[in-house]
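Student: First the structure, which I've put down as structure tokens, then a few questions once you've had a look.
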Amino acid sequence: MLKMGESIQVGDVHYTVQRELGSGRFGSVWLGLDMTAPANKVIREHQARYRAAALKVLKRDSDFDFSEAVNHGLRCRSELPPDLSISNSLAPKLISHGAVEIACTEFIEGPMVRTIIGQLRRAQDSELEDRRLEEALLLGKRLMEMAGELLDAGVIHSDMNPRNIVVTPAGKPKAVDIDFLRRVTDMPIKKNGVPVRIGSERYISPEVKDGPGYSRVSDLYAISGIVRDLVNVAAGRSLRDASLMFGRRDLQALISYFPSSLQERFFGLIQCVVEGLNPIPEKRPQNSTEIRDLMHQEALRTSEPAPALKVS
Ligand SMILES: Nc1ncnc2c1ncn2[C@@H]1O[C@H](COP(=O)(O)OP(=O)(O)OP(=O)(O)O)[C@@H](O)[C@H]1O
Ligand SMILES: [Mg+2]
């Protein structure tokens, strides 16, 4: 637990604790501001310095070397390109502060995808329905692009869920909470010698749930599930059974509920979500090119209805 106004030194920067951002299974996250930096300006003179930091006070777990896993995640992030859609770690990454350990990352400003899904669910004005659906589909596209970017970088976030993705003011989704970030080539995270199953129940892929464990496309499965949920809530009443249709891979039926202006533009995205949710990892798109190709696919133009058969 941190106190408001408390100063936390991360490298040569002193962050003043502002408020708690939230808490979850592995700790509580606090917003810290560097009060000496000019307002409204993120400082990137050297990669590790930001005006705002997300400071995660790690929970203790006596039989799980959690800090080792987190340290690995933070180190892994610092070896990736800074502009990748994942919050950056701050030097010196994991710090000891009194009796607690704090994982230090860049603060990402903006609503969580969970907040956006909640807003869409509450907006029941049918006049806005098409607009809502369009916005959700656009965010869906950005999310699939993010999935492709991470696939190409060869990293697995391990816990993609709507609370761990923040949408920046520019509309770009960024993954936060990089405790379990790892390279696809890394060993699984273990507790008492057994691989740990990290993830959020609703978005967890079959290979993680029932074995053999994380594959390089497990995040893609989770992100596809998030986009499915976005589309479902945005489509509202007109598309009550959307998740069923996603499940049955019934694209033409699903897309036919969209207003015609959106059908062609977003057919490829829906196709991509369905492929991303394939229970067999090898059958999901494997890189950003495959994702992009799928997203650019156009709906099959249904030509003249087939002539009725003449029975002689
Ligand atoms: N780098 C960050 N920038 C902005 N917000 C962040 C950042 N890291 C975490 N948060 C926010 O802090 C809150 C708490 O995060 P935390 O990861 O502890 O819990 P959670 O995501 O709700 O649950 P879980 O334990 O399943 O991850 C979340 O709302 C999350 O969006
Ligand atoms: Mg989280």
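The values are calculated or read from the model by the stated rules, or taken from the named source; none is laboratory data. Quick caveat: nothing in here was measured; it's all calculated off a predicted structure. Reconstructed Cβ throughout: ideal geometry from the backbone, glycine too, with neighbour counts over all protein chains shown.
Student: If residue 225 satisfies all but one of (1) surrounded by fewer than 19 Cβ atoms within 10 Å (Cβ to Cβ); (2) of a type outside the set (Lys, Arg); (3) touching a Lys or Arg at 6+ places or on another chain (Cβ under 9 Å), what's the number of the condition it fails?
Tutor: Only one criterion is unmet by residue 225, namely (1).
Student: What tally of residues in the stretch 79-91 results from selecting those that are over 16 Å from residue 174 (Cβ atoms) and either modelled with pLDDT under 90 or within 14 Å of ligand 1 (Cβ to nearest atom) (or both)?
Tutor: Going residue by residue through the stretch 79-91, those that are over 16 Å from residue 174 (Cβ atoms) are 79, 91.
After this cut, where a residue has to be either modelled with pLDDT under 90 or within 14 Å of ligand 1 (Cβ to nearest atom) (or both) as well, the list is 91.
So the answer is 1.
Student: Among the residues of the stretch 13-32, count how many are more than 16 Å from ligand 2 (Cβ to nearest atom) and in contact (Cβ under 8 Å) with a residue 24 or more places away in the chain. Don't jump to the end; show me each part of the working.
Tutor: Of the stretch 13-32, the ones more than 16 Å from ligand 2 (Cβ to nearest atom) are 13-19, 32.
Still in the running and in contact (Cβ under 8 Å) with a residue 24 or more places away in the chain: 13, 15, 17, 32.
The number of residues fulfilling the criteria is 4.
Student: Another question about this same structure. Checking the structure you have, find out if any residue of the stretch 206-224 is within 16 Å of ligand 2 (Cβ to nearest atom) and without any contact (Cβ under 8 Å) to a residue 60 or more places away in the chain. It would help to see each step written out before you state the result.
Tutor: Here is the first cut: in the stretch 206-224, the ones within 16 Å of ligand 2 (Cβ to nearest atom) are 219, 222-223.
Narrowing further to those that are without any contact (Cβ under 8 Å) to a residue 60 or more places away in the chain: none.
No, the conditions are met nowhere in the stretch 206-224.
Student: Quick one: residue 35 ticks every box in (1) modelled with pLDDT under 95; (2) farther than 29 Å from residue 195 by Cα; (3) within 16 Å of ligand 2 (Cβ to nearest atom) except a single one, so which number is it?
Tutor: Single failed check for residue 35: (3).
Student: Oh, and also: Being over 18 Å from residue 214 (Cα atoms) and not in a strand (DSSP E or B) is the filter; apply it to the stretch 165-191 and report the residue that is nearest to ligand 2 (Cβ to nearest atom).
Tutor: Going through the qualifying residues, I end up with 176.
Student: Here is a further query. Just give me the residues in the stretch 209-231 being in contact with a Phe, Trp or Tyr (Cβ under 6 Å, 6 or more places away or on another chain) and of a type in the set (A, V, I, L, M, F, W, C), in sequence order. Please lay out each step first, then the result.
Tutor: Step one: list which residues in the stretch 209-231 are in contact with a Phe, Trp or Tyr (Cβ under 6 Å, 6 or more places away or on another chain), which gives 222, 225, 228.
The one that is in contact with a Phe, Trp or Tyr (Cβ under 6 Å, 6 or more places away or on another chain) and of a type in the set (A, V, I, L, M, F, W, C): 222.
Student: Starting from the stretch 177-203, take each residue that is closer than 20 Å to residue 80 by Cβ and assigned by TED's automatic domain parsing to the domain that holds residue 55 and list its partners that are surrounded by 21 or more Cβ atoms within 10 Å (Cβ to Cβ) and of a type in the set (Lys, Arg), counting only C-beta distances under 6 angstrom and pairs at least six apart or across chains.
Tutor: Partner pairs satisfying both residue conditions: none exist.
Student: Additional query: Assess whether residue 234 counts as being surrounded by 15 or more Cβ atoms within 10 Å (Cβ to Cβ), touching a residue at least 24 places away in the same chain (Cβ under 8 Å) and out of contact with any Phe, Trp or Tyr (no Cβ under 8 Å at 6 or more places or on another chain). So that I can check it myself, show each step before the final result.
Tutor: On the way: surrounded by 15 or more Cβ atoms within 10 Å (Cβ to Cβ): yes; touching a residue at least 24 places away in the same chain (Cβ under 8 Å): yes; out of contact with any Phe, Trp or Tyr (no Cβ under 8 Å at 6 or more places or on another chain): yes.
For residue 234, the condition - surrounded by 15 or more Cβ atoms within 10 Å (Cβ to Cβ), touching a residue at least 24 places away in the same chain (Cβ under 8 Å) and out of contact with any Phe, Trp or Tyr (no Cβ under 8 Å at 6 or more places or on another chain) - is met.
Student: So, one more: Search the stretch 68-107 for residues being closer than 15 Å to residue 32 by Cβ and among the β-branched types (Val, Ile, Thr), and hand back the single one that is nearest to ligand 2 (Cβ to nearest atom).
Tutor: 105
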